[in-house]
Every structure is written in C-alpha cells, then in structure tokens.
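Have a look at the structure below, then the notes.
The values are calculated or read from the model by the stated rules, or taken from the named source; none is laboratory data. Values in this document were obtained by computation on a predicted structure and should not be read as measured data. When we count neighbours, we look across all protein chains shown, and the Cβ atoms used for this are built from the backbone with ideal geometry, even at glycine. Just so you know, the surface numbers come from the protein's heavy atoms only, side chains and all, with ligands and any DNA or RNA stripped out. Shrake-Rupley method; radii C 1.70, N 1.55, O 1.52, S 1.80 Å.
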There are 2 protein chains.
Amino acid sequence: MVAALILIADGTEEMEFTISYDTLVRGEVECTSAFVGPTDDAPTSVVATCSRGVKIVADVAFDPAACAQNDFDLLVIPGGLKGAETLSKNSSVQLLIREYLNSDKYVGMICAGTLAALTSGLPKQPITSHPSVKSQLDKDFEYKEESVVVSGHLITSRGPGTAFPFALTLVELLCGSEKRKAVSGPMVFPEGVHW
Amino acid sequence: MVAALILIADGTEEMEFTISYDTLVRGEVECTSAFVGPTDDAPTSVVATCSRGVKIVADVAFDPAACAQNDFDLLVIPGGLKGAETLSKNSSVQLLIREYLNSDKYVGMICAGTLAALTSGLPKQPITSHPSVKSQLDKDFEYKEESVVVSGHLITSRGPGTAFPFALTLVELLCGSEKRKAVSGPMVFPEGVHW
C-alpha cells in the first residue's frame, strides 16, 4: 500500500493539513500524521493547536528514525506561518526532506511550508508558496505563481485555496489519474471547477 | 462579537468541519465546537474520530442548555455520513435547529448534514445536500443542485468541494461582503475561482 507521512505542529494551517490527509486517505493512501514539537527534542504531547484554534491529535510523535526507516512514499509539510517555522527549522525534518528527495520519494510543501525547501538547502528549481513568504524564496528558487508546481519529486502549492488541487495532484502522482478522478467526483466541486 | 456553534461527532467529515471553523475564525467569528456523543446522554470525551481518521478535539462537550442560552448567531451541521447520522438523530440537536431558525439565527448544513433538515421537521423549502442522500430529501424539500442554497436563515451545501463557498457565504451573511472578500483573498484560490 502507498503511504504518506504528514507533519503537524502548533500553528499548522488546519485546512491544509486536513485536506491533504483526508484527500490522500480517499485515494487509499495510508496516512500517518506526526507531531513535531517546538524544539528538536521528542515532543511530550501529540495534540497540535492549529493556526485558527482547531486542535488535532496527531497519530504519532515525530521520531526521525522511524520516519526514515518506515516505507513512506510521500512527506507533506503543511503551512500556517508558526507551524511552518517549527517544521522548517527542525534539523531532523530538513534531513528527512533531503533523504526523501534523494530516494526519489515525493515531498509536498504548501503555503509557508515551502520555507522548508530553503532551510533544507534544496537546489534552485521551480517552486511556489503563499505570497506572504515569496520574498524569502524568490532569490534562491525559480518562483512561480501557479497553484501547484511539480518539480521532479518536489510538489509545492500556495495556500488553503489551492489545497484541493495540491492534494489531488499528490493522489495522481502516487496512484494515477484514474484514482484522482475517482476521489474528486464524490467531493462535489462546483460546476466549472475541474480538479 | 459574532459567534458560531459548530457541531462535531465521530464520523464527521473533517474537511467540512475544519473549513467551516477556520474560515469563520478568519472572518472574526468566535467559534465553539461541541462534541455530540452517540446517544442523547452527555458525552464523556470530546475527541472526535472523523470520517477519514483525523482526530479533532472539540472545544466543549455538547450541552443543549448551554448551546441554547449562549448567544450564538450560527449553528453549523457538517456532513460525513456517520457523523451526520449522529447529529441529525439527536433530539436536542433537532430542537436547537428549530429554536435557532425560529429566533432568526442562521443554521448551516453541508453534505449529509442536510439530513438534519428532515429529522428536525423543517418546512418545505429550497435545499441541497450531498448527491448520495438526495433521494431521502427530494420529496420533502425543493431540491436544488447548486453549490450553496440560501433559504432565509437556512444555508445548505453539497460536500467537501463546496465547503469553501459554503463557509464564505456564512461569513458574508454574518459579517458582510467586504469581510468575505478580506477572508477569501489571502486563501489564494486558483485563478478563475472567485469565492
């Protein structure tokens, strides 16, 4: 079975996290959420207080060794400024991002989550992010204004408003375009919106 | 301050819940989530295991007396088949829906959440829902296929794919069209999507 690891921290954007997790589960991807604490030490709780106050219980506490060893095919870094700061500054997360990409596994970053591309020292390539962090990224990357940017195994996106096409793109990359259609249909997008 | 009460149960669709809560908070609406247990008795926990496995900690356990007395301006019933069944079959929730509408407060129902319009005995009027429960509703209501249907103070919608326009409509009704625009902009919807 295809499997995804979705990181979460205090301040994570709850819509971006939930749309990614839920859409991937609908695509029959086995999802595990891992709570990353404010320091590199192992967190003592797995409850994230998200950016607009929704409290989400992660499946596990983030353990770099387990996350590296287990057979995940995708790593997702959601946004939310404070949450993205915690995730992108964590040295174990940075190492994991490089390891996943070096192993030709997928890494998805959305909104301020794309700051992790910078802190992980990824090479210059096409990316996008929330407009509010564009100025921190546009010197080191080929900055695009598209909703979803696929650059090899790195997929980036802009904000809650692009979270559905972001998550559906991840489903398509992991499980094919037929699965994307099968997931998208029952979600009942408005007429004229073809995701 | 404008205030909203958002119900949640085991099996609630986590995207519909989270998009409603988060978008309303962005609109400066004070949100309280209340966990409704599987029976009419007071629940002993406030952690909802949602339809695709995301675990959300509600702000409070559902207490019909407190929910009725407090000054909420909006009641939201999210979907997710199992969660909507729990919410729509709860006699206190049914009473609350009628009380809110009789007091000219807003009630939002999305996806299978619209089943609560039937179980609460609301009069025949325009509604919509997830297509999978249409056959349970189209004899007793004027069934529409639109993404969001506003019928007086009752607002209904179709599924996760219409959750953003649903939540933004609620923001507009409570806080005005300027606030809707102010909330929608930073969400960075794809070009051509005007919510």
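Just to be sure before I move on: is B:ALA61 open to solvent by 50 Å² or more (accessible area, probe 1.4 Å), more than 22 Å from B:PHE166 (Cβ to Cβ) and free of Cβ contacts under 8 Å to residues at least 40 places away in the same chain in the structure I sent? Reasoning before the result, please.
Values: open to solvent by 50 Å² or more (accessible area, probe 1.4 Å): no; more than 22 Å from B:PHE166 (Cβ to Cβ): yes; free of Cβ contacts under 8 Å to residues at least 40 places away in the same chain: yes.
It is false that B:ALA61 is open to solvent by 50 Å² or more (accessible area, probe 1.4 Å), more than 22 Å from B:PHE166 (Cβ to Cβ) and free of Cβ contacts under 8 Å to residues at least 40 places away in the same chain.
Determine whether segment B:65-83 contains at least one residue that is farther than 20 Å from A:MET187 by Cα, crowded, with 18+ Cβ neighbours inside 10 Å and over 14 Å from the mean Cα position of the chain (by Cα).
Among the residues of segment B:65-83, at least one is farther than 20 Å from A:MET187 by Cα, crowded, with 18+ Cβ neighbours inside 10 Å and over 14 Å from the mean Cα position of the chain (by Cα), which makes the answer yes.
One residue is enough: does segment A:42-54 have a residue meeting the conditions under 19 Å from A:THR156 (Cα atoms) and at pLDDT 95 or above?
No, because not a single residue in segment A:42-54 is under 19 Å from A:THR156 (Cα atoms) and at pLDDT 95 or above.
Looking at segment B:87-195, what helices (runs of 4 or more DSSP H) fall wholly within it and have at least 2 residues that are touching a residue at least 40 places away in the same chain (Cβ under 8 Å) and within 14 Å of chain A (Cβ to nearest Cβ)? Walk me through it before giving the result.
Values: elements: B:91-102, B:115-119, B:163-175, B:177-184.
Qualifying helices (runs of 4 or more DSSP H): B:163-175, B:177-184.
Condition test on B:THR128, is it crowded, with 24+ Cβ neighbours inside 10 Å and over 21 Å from A:PRO160 (Cα atoms)?
Yes: the conditions hold for B:THR128.
Counting only residues that are in contact with a Lys or Arg (Cβ under 8 Å, 6 or more places away or on another chain) and of a type outside the set (Gly, Ala, Ser), which one in segment B:32-54 is nearest to the other protein chains (Cβ to nearest Cβ)?
For segment B:32-54, the residue satisfying everything is B:ARG52.
If I ask for residues that are within 16 Å of A:GLY108 (Cα to Cα) and open to solvent by 60 Å² or more (accessible area, probe 1.4 Å), which ones from segment A:133-151 would you list?
Listed by number, the residues that qualify are A:LYS144, A:GLU146, A:VAL150.
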